[in-house]
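S.K.: Quick one: this structure, given as structure tokens, is what I'll be asking you about.
The values are calculated or read from the model by the stated rules, or taken from the named source; none is laboratory data. Since the model is a prediction, treat every value here as computed from it, not as a measurement. For neighbour counting, all protein chains shown are included, and Cβ atoms are generated from backbone atoms with ideal geometry for every residue, glycine included. Surface accessibility is based on the protein's heavy atoms, side chains included, excluding ligands, DNA and RNA. Shrake-Rupley method; radii C 1.70, N 1.55, O 1.52, S 1.80 Å.
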Amino acid sequence: MKIGYPCVNRSIGCSSNKKFRLASFSVNKFNETVRNNLDCLNQIIDYNIKMDFLFLRISSETIPFASHEICNIDWKVKFGNELKHIGKKLKENSFRVSMHPGQFTLLNSPNASVVKKSLSELKYHADFLDAMNLDNSAKIQIHVGGVYGDKRAAIERFVNTFNVMPNKIKSRLVVENDDYHYSIRDCMKINNYTNIPIILDNLHLECLNNGESLNEAYQIIKNTWYGEHGIPMLDYSSQQKGARIGKHNDHLNQEHFSNFINIMKGEEFDLMFEIKDKEKSVREAQKIIN
């Protein structure tokens, strides 16, 4: 089991998701920001290798405005050597990565313009992972999207969009259950038409389910991962007390996580900790796992 955290490391003093305003876009600003982000990404990876945290969600902001029409810079060529170097380091250390586009990436939107922009965003993510020469176990993770008053039609739109997108995106795309609209059962309806792998999010399962236990939900989704997809990816968090339902905890709840690990004992998966203090909680979780 590889363990890790999303995007930001709070221990090393740099940010790999530095960005700037669209109005400030210039070639020099873009190049400076990307160099900073890739340098910091390298530092995060070095830190994680040292700590044996071999799973990382790379920030979507690493290449700012990469999917926006304003960006006419061929960043894949300009930063190709740096990206290949990072990819080589990842492969040499059996490191796994993923990416998670933002909430406005909606394949099932009834608005054609939103879908078009979403596909451009997904193409950027696929291009980024391809530029590091990573295999298809490096995934792009999204939610199904909105319901728009008709869940069946929304699922059908997702499937139709998926079926016509380029293979370079299809081969990396995975979908996760959410805490409000789309349960594991709903995600499996999509899988039945697309074979898309499903990420199980335990906190979302606690918020929205069809009566499945954690282990039962895992048994449902684990065979959606096979071959080049790699072993299943799972997201882990626990509910923050006194906050809205589904809000991630600021720090690891050791009792909750111990129960999670006991339930999942014997299963094979890589685990992403969606907890606010990032690597600090992952260090504690590592001790519990060991």
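S.K.: Could you give me the residue pairs with C-beta distances under 8 Å whose first residue belongs to the stretch 214-231 and is more than 15 Å from Arg172 (Cβ to Cβ) and touching a residue at least 24 places away in the same chain (Cβ under 8 Å), whose second residue is open to solvent by 50 Å² or more (accessible area, probe 1.4 Å) and of a type in the set (S, T, N, Q) wherever it lies, and which are 6+ apart or on separate chains?
M.R.: Listed pairs, sorted by first residue: Ala217/Asn209.
S.K.: For residues that are open to solvent by 40 Å² or more (accessible area, probe 1.4 Å) and of a type in the set (Asp, Glu), scanning just the stretch 176-211, find the one that is farthest from Ala154 (Cα to Cα).
M.R.: Out of the qualifying residues, it is Glu206.
S.K.: I've got another one for you. Suppose we filter Lys123, Lys151 for residues that are modelled with pLDDT of 95 or more, open to solvent by 10 Å² or more (accessible area, probe 1.4 Å) and under 18 Å from Ala66 (Cα atoms); which single one remains? Full working, then the answer.
M.R.: Values: Lys151 fails: under 18 Å from Ala66 (Cα atoms).
Answer to the selection: Lys123.
S.K.: Can you pull out the residues in the stretch 248-269 that are under 13 Å from Ile288 (Cβ atoms) and part of a loop (DSSP other than H, G, I, E, B)?
M.R.: Residues satisfying the conditions are Leu252, Asn253, Met264, Lys265.
S.K.: Keeping to the stretch 226-281, report how many residues are more than 21 Å from Phe95 (Cα to Cα) and hydrophobic (A, V, I, L, M, F, W, C). Working first, answer last.
M.R.: Step one: of the stretch 226-281, the residues more than 21 Å from Phe95 (Cα to Cα) are 237-266, 276-277.
If we keep only those that are hydrophobic (A, V, I, L, M, F, W, C) too, we end up with 243, 245, 252, 257, 260-261, 263-264.
Qualifying residue count for the region: 8.
S.K.: Let me ask something additional. Would you tally the residues in the stretch 105-120 being more than 21 Å from Ser171 (Cα to Cα) and exposed (fewer than 14 other Cβ atoms within 10 Å of the Cβ)?
M.R.: Of the stretch 105-120, the ones more than 21 Å from Ser171 (Cα to Cα) are 109-114.
Those still in the list that are exposed (fewer than 14 other Cβ atoms within 10 Å of the Cβ) too: 111-113.
Within the stretch 105-120, residues that are more than 21 Å from Ser171 (Cα to Cα) and exposed (fewer than 14 other Cβ atoms within 10 Å of the Cβ) number 3.
S.K.: Would you mind telling me which numbered condition in (1) more than 30 Å from Met264 (Cα to Cα); (2) over 17 Å from the mean Cα position of the chain (by Cα) Ile49 fails?
M.R.: Every listed condition holds for Ile49 apart from (1).
S.K.: Okay, moving on. Considering only residues of the stretch 246-290 that are within 22 Å of Ile221 (Cβ to Cβ), surrounded by fewer than 17 Cβ atoms within 10 Å (Cβ to Cβ) and in contact (Cβ under 8 Å) with a residue 60 or more places away in the chain, which is nearest to the chain's Cα centre (by Cα)?
M.R.: Residue satisfying both the conditions and the ranking: Glu268.
S.K.: Do you know which residues across the stretch 199-247 are closer than 20 Å to Gln141 by Cα and assigned to a strand (DSSP E or B)?
M.R.: Ile199, Leu200, Asp201, Met233, Leu234, Asp235, Tyr236
S.K.: Let me ask something additional. Hey, any hits in the stretch 74-95 for a residue that's buried (at least 17 other Cβ atoms within 10 Å of the Cβ), β-branched (Val, Ile, Thr) and not in a strand (DSSP E or B)?
M.R.: Taking the stretch 74-95 as the starting set, the residues that turn out to be buried (at least 17 other Cβ atoms within 10 Å of the Cβ) are 75, 79, 82-83, 86-87, 90, 95.
Those left that are additionally β-branched (Val, Ile, Thr): 86.
Still in the running and not in a strand (DSSP E or B): 86.
Checked against the condition, which is being buried (at least 17 other Cβ atoms within 10 Å of the Cβ), β-branched (Val, Ile, Thr) and not in a strand (DSSP E or B), the stretch 74-95 yields at least one hit.
S.K.: Restricting attention to the stretch 239-256, report how many residues are under 19 Å from Tyr182 (Cα atoms) and not hydrophobic (A, V, I, L, M, F, W, C). It would help to see each step written out before you state the result.
M.R.: The initial filter retains those residues of the stretch 239-256 that are under 19 Å from Tyr182 (Cα atoms), namely 239, 244-248.
Applying the additional criterion that residues be not hydrophobic (A, V, I, L, M, F, W, C) yields 239, 244, 246-248.
The number of residues fulfilling the criteria is 5.
S.K.: Further question on the same structure: Condition first: assigned to a helix (DSSP H, G or I), out of contact with any His (no Cβ under 7 Å at 6 or more places or on another chain), closer than 19 Å to Lys89 by Cα and charged (D, E, K, R). Can you find one or more residues in the stretch 24-44 that meet it? Walk me through it before giving the result.
M.R.: Filtering the stretch 24-44 for residues assigned to a helix (DSSP H, G or I) gives 24, 27-44.
Of the ones still in play, those that are also out of contact with any His (no Cβ under 7 Å at 6 or more places or on another chain) are 24, 27-44.
From what's left, closer than 19 Å to Lys89 by Cα: 34-44.
Checking which are charged (D, E, K, R) leaves us with 35, 39.
Among the residues of the stretch 24-44, at least one is assigned to a helix (DSSP H, G or I), out of contact with any His (no Cβ under 7 Å at 6 or more places or on another chain), closer than 19 Å to Lys89 by Cα and charged (D, E, K, R), which makes the answer yes.
S.K.: Right, next: The conditions are (1) at pLDDT 95 or above; (2) over 26 Å from Gln286 (Cα atoms); (3) surrounded by 14 or more Cβ atoms within 10 Å (Cβ to Cβ), and Cys71 fails exactly one of them. Which is it?
M.R.: That leaves (1) as the condition not met.
S.K.: Looking only at the stretch 1-42, count how many residues are within 28 Å of Gly230 (Cβ to Cβ) and open to solvent by less than 20 Å² (accessible area, probe 1.4 Å).
M.R.: Total satisfying the criteria: 11.
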